[in-house]
Amino acid sequence: MSLIIDCHGHYTTAPKAMETWRNAQVAAIKNPDQMPKQSDLKISDDDLRESIEINQLKNMKERGSDMTLFSPRAAFMAHHIGDFQISSAWSAICNELCYRVSKLFPGHFYPVAMLPQSPGVDPVTCIPELEKCITEYGAVGINLNPDPSGGHWTSPSLTDRHWYPIYEKMVEYDIPAMIHVSTSCNACFHTTGAHYINADTTAFMQLVEGNLFKDFPTLKFLIPHGGGAAPYHWGRYRGLAHMLNKPQLEEHLLNNVFFDTCVYHQPGIDLLNTVIPVKNVLFASEMIGAVRAIDPQTGHQFDDTKRYIEACKLLSAEDRHQIYEANARRVFSRLDARLKKEGR
């Protein structure tokens with residue numbers, strides 16, 4: 001029987017004290033003498049246990065998933081707020097809490113790191129936090145924000161050498177990056193309904209236009225939320241790749257680019273698995289995330305994505321094993337190594 005590995009989870013239920021500290025930090029940007037210290041944040045292990053047991057862990061048990069790759073809340077990354085020092089302090093707090101959760105619930109949660117990105121700042125500044133999370137916290141991957149400006153897209157394309165310091169470390173540690181934006185500060189783009197999906201689609205098209213994987217043949221990206229528009233307009237992207245004199249998408253991108261199953265209805269999951277090869281699909285739910293509601297058509301939570309995988313008539317038992325477990329272990333090699341040590 002397959003392990004059910006949810007590759008896309010965020011700490012959306014963190015204790016209120018965390019948000020209170022963040023609000024104080026943001027307020028102090030204009031009054032530096034009031035800037036809170038990281039040590040001012042007091043969250044006990046019991047606080048963490050309660051926040052997880054009645055939320056993510058409860059849902060995991062009810063829905064039948066075994067483990068979650070757990071990163072800080074995406075909307076709270078807010079890289080556009082303040083400067084690098086603000087982002088650095090905030091990232092350190094968020095990553096430490098996810099690490100503590102993984103220690104309190106071993107075998108259920110494995111940390112994925114947030115980076116202290118800041119608009120206009122060289123990504124090389126993210127390396128110390130990345131290395132700490134990998135070597136000290138046991139993080140199995142990172143989240144990479146392609147738009148730290150929060151909806152204004154001031155950063156270069158993901159194929160630009162601007163990002164190479166991050167990619168070099170990803171290759172060195174053999175970790176994938178989930179390409180995930182944060183809160184939109186552009187009123188035209190709703191954060192989860194527009195900005196997230198726009199970013200997924202934009203990232204995919206940037207990769208189509210470039211030749212990044214010639215420089216980094218082992219680099220791995222996970223595009224969340226079902227890949228944005230890409231799988232659902234695959235003919236458009238195949239055609240654009242052809243017009244740009246790129247190889248077929250299977251050769252050009254699909255050795256390095258993967259998609260998760262955070263698609264919240266059956267037809268979407270069915271289409272994803274019709275278009276995208278099974279080897280490129282990883283199970284995920286982003287539970288207690290963007291859509292926290294019961295679908296009136298089914299009576300189940302929209303983000304209970306395991307139900308859609310089980311009901312997808314296109315998939316064989318082996319296909320489901322690949323989506324639930326094997327693909328995640330292949331893409332997240334450090335997770336695979338840890339699971340083998342745990343005898344799983």
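The values are calculated or read from the model by the stated rules, or taken from the named source; none is laboratory data. On a predicted model such as this, the values are computed, not experimentally measured, just so you know. Note that each Cβ is placed from the backbone with ideal geometry, even for glycine, and that neighbours are counted across all protein chains shown. Side chains are part of the model used for accessible areas, which takes the heavy atoms of the whole protein and leaves out ligands, DNA and RNA. Shrake-Rupley method; radii C 1.70, N 1.55, O 1.52, S 1.80 Å.
Considering only residues in the stretch 239-250 that are under 26 Å from D270 (Cβ atoms) and surrounded by 15 or more Cβ atoms within 10 Å (Cβ to Cβ), the one that is nearest to the chain's Cα centre (by Cα) turns out to be L249. Residues in the stretch 1-37 that are surrounded by 15 or more Cβ atoms within 10 Å (Cβ to Cβ), among the hydrophobic types (A, V, I, L, M, F, W, C) and either within 22 Å of the chain's Cα centre (by Cα) or outside any loop (DSSP other than H, G, I, E, B) (or both): 7 in all. The condition (being free of Cβ contacts under 8 Å to residues at least 12 places away in the same chain and within 26 Å of A311 (Cα to Cα)) is satisfied by just one residue among P247, P277, P267, P231: P267. For the stretch 58-111, a residue qualifies if it is within 22 Å of V124 (Cα to Cα) and among the small types (G, A, S), and the qualifying residues are S71, A74, A78, G82, S87, S88, A89, S91, A92. Quick one: how many residues across the stretch 54-78 are open to solvent by less than 10 Å² (accessible area, probe 1.4 Å) and more than 30 Å from F189 (Cα to Cα)? Counting residues in the stretch 54-78 that are open to solvent by less than 10 Å² (accessible area, probe 1.4 Å) and more than 30 Å from F189 (Cα to Cα) gives 2.
Kindly indicate the residue of the stretch 79-111 that is closer than 19 Å to Y196 by Cβ and open to solvent by 10 Å² or more (accessible area, probe 1.4 Å) and also farthest from the chain's Cα centre (by Cα) among those meeting that condition. Ranking the candidates gives I81 first. Screening D160 against (1) in contact with a His (Cβ under 9 Å, 6 or more places away or on another chain); (2) open to solvent by 10 Å² or more (accessible area, probe 1.4 Å); (3) not aromatic (F, W, Y) leaves a single unmet condition, (1). Pairs linking a residue in the stretch 331-344 that is closer than 18 Å to A177 by Cα to a residue that is part of a helix (DSSP H, G or I) and not hydrophobic (A, V, I, L, M, F, W, C), with Cβ atoms under 6 Å and 6 or more positions apart or on different chains, are D336/R329. Based on this model, can you work out whether M287 counts as modelled with pLDDT under 95 and either out of contact with any strand residue (DSSP E or B) (no Cβ under 9 Å at 6 or more places or on another chain) or surrounded by 21 or more Cβ atoms within 10 Å (Cβ to Cβ) (or both)? When the stated conditions are applied, M287 passes them. When the stretch 251-283 is filtered for residues that are open to solvent by less than 20 Å² (accessible area, probe 1.4 Å) and touching a Pro at 6+ places or on another chain (Cβ under 7 Å), the ones remaining, listed by number, are L254, F259, D260, C262, L272, I276. When only residues in the stretch 120-157 that are within 21 Å of F258 (Cβ to Cβ) and aliphatic (A, V, I, L, M) count, which is surrounded by the fewest Cβ atoms within 10 Å (Cβ to Cβ)? Restricting to residues being within 21 Å of F258 (Cβ to Cβ) and aliphatic (A, V, I, L, M), the top hit is I134.
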